[in-house]
Amino acid sequence: MMLTPWDESPGPERLVETWRDATAEARRWRDDPDLTVALKAARSRLHRPPAAPPRSPEQVLADELSAARRVWADMQATAEGPARAAAYANLKRWEPGLFGYSETQRSTAGKIAASETAEARRDAQERTEARVLLDSFRVAQDRARLATRAVQADPRARALADSDGAPQPNGRAAGRVSAS
């Protein structure tokens with residue numbers, strides 16, 4: 001007799017074994033405090049917005065100069081003394097000279113741009129690690145859920161799990177009759 005695809009289903013022993021392995025893995029994710037903390041951190045990391053795209057040193061110079069000019073314009077009308085002096089100093093820090101930006105200004109802008117690039121790279125790495133951890137957790141959950149459904153659907157596997165005294169896939173204690 002030739003086997004058809006529907007005759008190739010795993011036996012009840014294999015279903016129960018797979019179910020036990022899957023539920024043990026799901027329990028490990030649930031009961032391990034380090035994994036629980038890591039999952040919470042991964043979820044919160046993915047809920048935070050991603051880092052801003054890094055700017056070029058030229059863009060940093062332009063952005064800082066325009067911000068300094070805005071602050072200086074605000075301080076002209078409203079502030080006296082130290083706040084106005086600080087705004088003027090910041091404006092002079094980013095204002096290009098007669099021959100363009102100085103070496104110090106370009107160096108500072110380069111350091112800011114490098115810092116933003118490193119931050120964007122670190123952010124992308126953290127987000128990738130968080131996604132991998134959450135995907136692993138979801139795979140373990142799905143595997144346990146599918147194995148539980150398979151054992152519940154097979155009367156022989158359900159009876160085998162019940163006869164071993166193992167906790168039932170539907171959450172009932174072994175040997176107890178319920179109305180469900």
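The values are calculated or read from the model by the stated rules, or taken from the named source; none is laboratory data. Just so you know, these numbers come straight off a predicted model, no measurement behind them. Neighbour counts run over all protein chains shown; Cβ positions are idealised from the backbone, glycine included. Accessible surface is based on the protein model in full, side chains and every heavy atom, while ligands, DNA and RNA are left aside. Shrake-Rupley method; radii C 1.70, N 1.55, O 1.52, S 1.80 Å.
Details
- The slack between Lys111 and Ser136, meaning 0.36 nm per residue of separation minus the straight C-alpha distance, is 5.3 nm.
- Farthest towards the positive end of the charge dipole of the chain, among the residues Ser102, Pro12, Thr148, is the Cα of Ser102, using unit charges on the Cβ of Lys, Arg, Asp and Glu.
- Using the alpha-carbon positions of the chain, Rg (one decimal) and Dmax (whole number) come out as 31.3, 98 Å.
- Derived scalar couplings ³J(HN,Hα) [segment 74-90; Karplus, 6.51 cos²θ - 1.76 cosθ + 1.60; whole Hz; x for Gly, Pro]: 5, 6, 4, 8, 10, 10, 10, x, x, 5, 5, 5, 5, 5, 5, 4, 5
- If you take all other residues with their beta carbon under 12 Å from the beta carbon of Met75, and give Lys and Arg +1 and Asp and Glu -1, the sum is +1.
- Summed over the residues of the chain and divided among them, the accessible surface reaches 69 Å² per residue at a probe radius of 1.4 Å.
- Accessible carbon and sulfur surface of segment 21-99 relative to its total accessible area, %, 1.4 Å: 59
- For segment 37-50, Karplus couplings with θ = phi - 60° (6.51, -1.76, 1.60), whole Hz, Gly/Pro x: 5, 5, 5, 5, 5, 5, 4, 5, 5, 6, 7, 6, x, x
- Projected label distance in nm at Arg149 and Arg48, using a 7 Å step from Cα toward the beta-carbon: 3.6
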